[in-house]
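The values are calculated or read from the model by the stated rules, or taken from the named source; none is laboratory data. What you are looking at is a predicted structure, and each value in this text was computed from that prediction instead of being measured. Glycine gets a Cβ as well: all are built from the backbone with ideal geometry, and neighbour counts include every protein chain shown. Just so you know, the surface numbers come from the protein's heavy atoms only, side chains and all, with ligands and any DNA or RNA stripped out. Shrake-Rupley method; radii C 1.70, N 1.55, O 1.52, S 1.80 Å.
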Amino acid sequence: MSDRKKVTLPYLFKKVDAGEPLTMLTCYDYPTAYFQEEAGVEIVLVGDSLGMTMLGYDSTLPVTMDDMIRHTQAVRRGTPNAWLIGDMPYMSYQPSPETAVRNAGRFMAETGCDAIKLEGGVEMADRIAAITAAGIPAMGHLGLTPQSAGALGGFRLQGKSAMHAKKIIDDAKAIEEAGAFAILLELVPDRVCQIITERAENCIIISLGSGPYAHGQLLIYHDLFGLYPKFTPRMAKVYGNAGEVILNGLKQYVSEVKEKSFPEPKNYFGIKDEEYEELTQILKDEETF
Ligand code: KIV
């Protein structure tokens, strides 16, 4: 394990004040969390995108609190030092502020995460206020909010018109005033993101496909490494095609087993000759009785 120090909220705000962009990635399992810890990723989000990337659903809507808790626990074990955020799944906070606080509390108590994230603007400000009042740091999520992708017309750029951009800017102010320590802006135009970042007083703005003017950048881990077979969004940068490496390795494994070139002696263990002779004698003796 690395000898990193635990990332804290004061650390994150210090970086923002110094103009140093923050790094944030999604993560859903222990080995990936281990690598992100080693690489020094500062903020790790266990997104409900795991419904698509890990569980193979077509949307995030079927993801449950129990799914999120199990994956967030695994990620915490792999990255003890990142600022770890648990993503509130569909209907874990929409019904009421009480529901929101109860489920945010489950995240904190059962996973050891540092904060939660939820989607929505002014209409979710009372959930953010209630969670924050309970002592739980809350991150907002505006622009393309996957839990309402159907209502937004699919996975596409949000805030293209002046009126819609103004609504996102107002939403950002409302959730900042409700106490959000950070806001994720997903797929909004770069200059809209810039306005929100410049107007943020005590709130960290993170961009996912919203340009360079935020305080930090987020990517979906599977998009970085070609690990999501259905599509790679335009906003993603592929840093390595691990999906291709894995597929080639799997094909080679299948053909080596079929043609009997695997396993080789270095892949298995033998038994000493004298033990083997004794064993065959025992088996022979058994047969004669
Ligand atoms: O679930 C998730 O990974 C998210 C991202 C789209 C940021 O909320």
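Laid out as a table, the results:
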{"item": "Choice from GLY209, GLY243, GLY86 with maximal GNM fluctuation in the chain (Cα, 10 Å cutoff)", "result": "GLY243"}
{"item": "Surface share of carbon and sulfur [accessible, 1.4 angstrom probe, percent] for the chain", "result": "57 percent"}
{"item": "Cubic angstrom per residue, convex hull over Cα atoms of the chain", "result": "196 Å³"}
{"item": "Formal net charge of residues neighbouring THR23 (Cβ-Cβ distance under 11 Å; K, R +1; D, E -1)", "result": "-1"}
{"item": "Of MET54, MET88, MET139, the one that fluctuates the most in a GNM where the chain has Cα springs shorter than 10 Å", "result": "MET54"}
{"item": "Two-site label geometry, GLU275 and SER255: point separation in nm, points 7 Å out along Cα→Cβ", "result": "3.7 nm"}
{"item": "Square roots of five times the Cα gyration tensor eigenvalues for the range 245-288, Å", "result": "37, 12, 7"}
{"item": "The range 9-240, dipole about Cα centre (Lys/Arg Cβ +1, Asp/Glu Cβ -1), debye to the nearest 20", "result": "380 debye"}
{"item": "For GLU177, net neighbour charge (Lys/Arg +1, Asp/Glu -1) across residues whose Cβ lies under 15 Å away", "result": "-3"}
{"item": "Among ASP171, ASP126, ASP58, residue whose mean-square fluctuation peaks in a GNM of the chain (springs only between Cα atoms under 10 Å)", "result": "ASP58"}
{"item": "Where the chain is the region considered: accessible area per residue in Å², 1.4 Å probe", "result": "53 Å²"}
{"item": "Charge tally in the Cβ shell below 14 Å around GLY270, where Lys, Arg are +1 and Asp, Glu are -1, GLY270 excluded", "result": "-3"}
{"item": "Range of Cα positions in the range 61-152 per principal axis (Å), largest first", "result": "36, 28, 20"}
{"item": "Structure-based [θ]222 nm, the chain - -39500 (n - 2.57) summed over DSSP H runs of at least 4, per residue, nearest 500", "result": "-13000 deg cm²/dmol"}
{"item": "For the range 151-288, radius of gyration divided by Kirkwood radius, i.e. Rg to Rh on alpha-carbons", "result": "1.44"}
{"item": "Reachable lysines from LYS173, criterion Cα separation under 20 angstrom, eight or more residues apart if same chain", "result": "LYS117, LYS160"}
{"item": "Probe 1.4 Å - accessible area at CYS113, Å² to nearest ten", "result": "10 Å²"}
{"item": "Approximate spin-label separation ASP66-GLU287, in nm, with each point projected 7 Å along Cα-to-Cβ", "result": "5.1 nm"}
{"item": "Debye intensity ratio I(q)/I(0), log10, the range 1-107, q values 0.18 Å⁻¹ (C-alpha model)", "result": "-0.90"}
